[in-house]
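See structure below.
The values are calculated or read from the model by the stated rules, or taken from the named source; none is laboratory data. Since this is a predicted model, take the numbers as computed values, not measurements. With ideal geometry, Cβ positions are generated from the backbone for all residues, glycine too; neighbour counts draw on all protein chains shown. Quick note on the areas: whole protein, heavy atoms, side chains included, nothing else; ligands and nucleic acids left out. Shrake-Rupley method; radii C 1.70, N 1.55, O 1.52, S 1.80 Å.
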Amino acid sequence: MLTLGEVCEELSVSCSTFYGWRAKRRAPRCIKLPNGDLRIRRSDLDHWLDEREDAA
């Protein structure tokens, strides 16, 4: 599982941009840990990226 920082670095976006996408339900599926941190499965990120490619 990837941290939010790792995902943002890979996508070249700021964390605030990612949170904006998440608020609009446009971000990849996230797992919220008990401490409030977010994690993203590699498979969910790859699937999300594949969907963006098809839409382009």
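If only the Cβ of Lys and Arg carry +1 and only the Cβ of Asp and Glu carry -1, the dipole of the chain around its Cα centre is close to 400 debye. Multiplying the residue separation of R42 and M1 by 0.36 nm and removing their Cα-Cα distance gives an extension gain of 14.2 nm.
The largest-to-smallest principal axis extents of the Cα set in the chain are 36, 21, 20 Å. Note on the chain: with neighbouring protein chains present and a 1.4 Å probe, carbon and sulfur make up 47 percent of its accessible heavy-atom surface. Positive contributions from Lys and Arg (+1) and negative ones from Asp and Glu (-1), summed over other residues with Cβ under 12 Å from the Cβ of R26, come out at +4.
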